[in-house]
Amino acid sequence: MTIGMVVFFDKTKCPVFGHNEEMRYPMGAGPPNRRYEFDWLRAMAILVVFLYHSTRFFNLEDWHLKNVDTYVWVEIWNIFATRWMMPLFFIISGASLCG
């Protein structure tokens, strides 16, 4: 239904907002089961991102702020984290979609 420039949706005909469960989940599939272990993996990955950005002050690479003392093991950690941070988020996201 349209009134002026505002469009109002009829919730009974929309499969997302409708009350008919058969329309909401196609082919008899019920609501998806939530896998909470992926939530915990995502939370730990966010902590890894926090740790990565916190250690940028001490690695050998140039950054906005640097400490006088730099450490090679922090540089090794940052190289490892750089290689795995974003792929880890994509893996968790894809696994939670398939779950």
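What is the order of His53, His64, fewest Cβ neighbours within 10 Å to most?
His64, His53
In nanometres, what is the gap between the two model label sites at Asn67 and Leu51, each 7 Å from Cα along Cα-to-Cβ?
1.6
When the chain is fully extended, how far beyond the present Cα-Cα distance does Leu60 get from Trp77, taking 0.36 nm per residue of separation?
Difference between extended and current length: 5.0 nm.
Need the full-extension length gain, Met86 to Phe38, defined as separation in residues times 0.36 nm minus the C-alpha distance. One decimal, nm.
Length gained, Met86 through Phe38: 15.8 nm.
None of the figures in this text is laboratory data; all of them are computed from the coordinates on show. In this text, all values refer to a predicted model and were calculated from it rather than measured experimentally. Because the Cβ atoms are built from the backbone with ideal geometry, glycine has one as well, and the counts that use them run over all protein chains shown.
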